[in-house]
Amino acid sequence: VFSVEDSACTYYRNGEKIMQGVSVQQLAERMKFKCFTPCVDMSKRMIVSSEINRPALELAGYFEHFAEERIQIIGMVEYSYLESLEDEVRTERYRKLLGFNVPCVIMCRDYEPDEEVLRIAGERGIPILGSPDATSNVAAEAIYFLTGKLAPCISIHGVLVDSYGEGVLIMGESGIGKSEAALELIRRGHRLVTDDVVEIRKINNNTLIGTSPDITRYFIELRGIGIIDVKTLFGVECVKEQQTIDLVIKLEDWKKDKEYDRLGLEEEYAEILGNNIVCHSIPIRPGRNLAVICEAAAANHRQKKMGYNAAKELYRRVENNLRNGNSTEI
């Protein structure tokens, strides 16, 4: 399998990352930065780290352990310090800073670089950008944007729906009924995120975000009918662009000799990008309504997150009955 995430210039082969980066132009367009160096091609300057750097010690002349792969942000403290220096010293500090292969430099609070700095940046091919916002706001929004774009990403076969606010990833062999279950969930008021291909990004150790490839967004394939557009047929309230993955449901053919969990006292997990997600294996038999089962699983998972576990409550009742000398049959 070879999957490509064009928006973040991310390439994977058999699940292995080959190259990753976000262009400075993407960041500038997303955050509406002003460009002071139009002569520099921002589409070829790549950002490979979601972290930012405020060059305090560097502007004082100390460049040991300098994080040159990060975007450099000049705020009020940095700018006021530079303005307190002699012109020649200030130019020399900028020349040293821009001598590294930094992705770009962002000037906050409507600060503007002088002509000498722009000349050095043009020679080095480093974009100088500007923003009217406060430094903390620029840093926070840049980190949020880059974290999402640069997160580890894989593409898997499945269907992702939003049911009661829970992201339910439905997996199983081709033709087992994933798309049909998703369509019925949509008819019951839930929302489709993606069908057939799910792009999953690991935002942090607790969060996985699922999205759809642009080319198949809001489409569902139904065998015997073909492709349908959920957004056009059912309205915008039935679709969603992205969703956290909270629950995995694996659909599988019913096996008579297999023992299936009937109480749910112990959780099973599916590992995706190193994160463990609660997983339920649902056997398929004629007459079982998959949509209702998925809906109930999502509601039950949400209830557990709110502190109530029906299986544990049943177990507690049985224990109380046995403790009181009553016989109990289940």
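Is it the case, given these coordinates, that E295 is over 24 Å from G158 (Cα atoms) and of a type outside the set (A, V, I, L, M, F, W, C)? Show your work before the answer.
On the way: over 24 Å from G158 (Cα atoms): no; of a type outside the set (A, V, I, L, M, F, W, C): yes.
The answer is no for E295.
Could you go through the range 54-73 and let me know if any residue there is under 23 Å from A140 (Cβ atoms), in contact with a Leu (Cβ under 7 Å, 6 or more places away or on another chain) and small (G, A, S). Within the range 54-73, not a single residue is under 23 Å from A140 (Cβ atoms), in contact with a Leu (Cβ under 7 Å, 6 or more places away or on another chain) and small (G, A, S).
Scanning the range 32-63 for residues that are in a strand (DSSP E or B) and of a type in the set (A, V, I, L, M, F, W, C) turns up C35, M46, I47, I52.
Go through the range 123-190 and tell me which strands (runs of 3 or more DSSP E), entirely inside it, have 3 or more residues that are of a type in the set (A, V, I, L, M, F, W, C) and open to solvent by less than 60 Å² (accessible area, probe 1.4 Å).
Where strands (runs of 3 or more DSSP E) fall fully within the range 123-190 and carry at least 3 residues being of a type in the set (A, V, I, L, M, F, W, C) and open to solvent by less than 60 Å² (accessible area, probe 1.4 Å), they are 153-157, 159-163, 166-172.
Against the conditions (1) of a type in the set (K, R); (2) surrounded by fewer than 17 Cβ atoms within 10 Å (Cβ to Cβ); (3) part of a strand (DSSP E or B), K202 satisfies every one except (2). Candidates in the range 271-291 are the residues that are of a type outside the set (G, A, S) and touching a residue at least 40 places away in the same chain (Cβ under 8 Å); of these, the one that is surrounded by the most Cβ atoms within 10 Å (Cβ to Cβ) is L290. All but one of (1) under 18 Å from I170 (Cβ atoms); (2) charged (D, E, K, R); (3) under 30 Å from the mean Cα position of the chain (by Cα) hold for K305; state the number of the condition that does not hold. Going through (1) under 18 Å from I170 (Cβ atoms); (2) charged (D, E, K, R); (3) under 30 Å from the mean Cα position of the chain (by Cα) one by one, K305 breaks only (1). Taking residues in the range 66-89 that are charged (D, E, K, R), and partners anywhere that are crowded, with 19+ Cβ neighbours inside 10 Å and part of a helix (DSSP H, G or I), the pairs with Cβ atoms closer than 8 Å and at least 6 places apart or on different chains are E78/L59.
On the given criteria, is F66 in a loop (DSSP other than H, G, I, E, B) and in contact with a helix residue (DSSP H, G or I) (Cβ under 9 Å, 6 or more places away or on another chain)? Yes.
In the range 19-40, the residue that is most open to solvent (accessible area, probe 1.4 Å) out of those that are under 12 Å from A142 (Cα atoms) and charged (D, E, K, R) is K32. Looking across the range 215-261, the residues that are out of contact with any strand residue (DSSP E or B) (no Cβ under 7 Å at 6 or more places or on another chain), touching a residue at least 24 places away in the same chain (Cβ under 8 Å) and outside any loop (DSSP other than H, G, I, E, B) come down to F234, E237.
The values are calculated or read from the model by the stated rules, or taken from the named source; none is laboratory data. Values in this document were obtained by computation on a predicted structure and should not be read as measured data. Neighbour counts are summed over all protein chains in view; Cβ atoms, including those assigned to glycine, are modelled from backbone coordinates with ideal geometry. Surface areas here come from the heavy atoms of the whole protein model, side chains and all, with no ligands, DNA or RNA. Shrake-Rupley method; radii C 1.70, N 1.55, O 1.52, S 1.80 Å.
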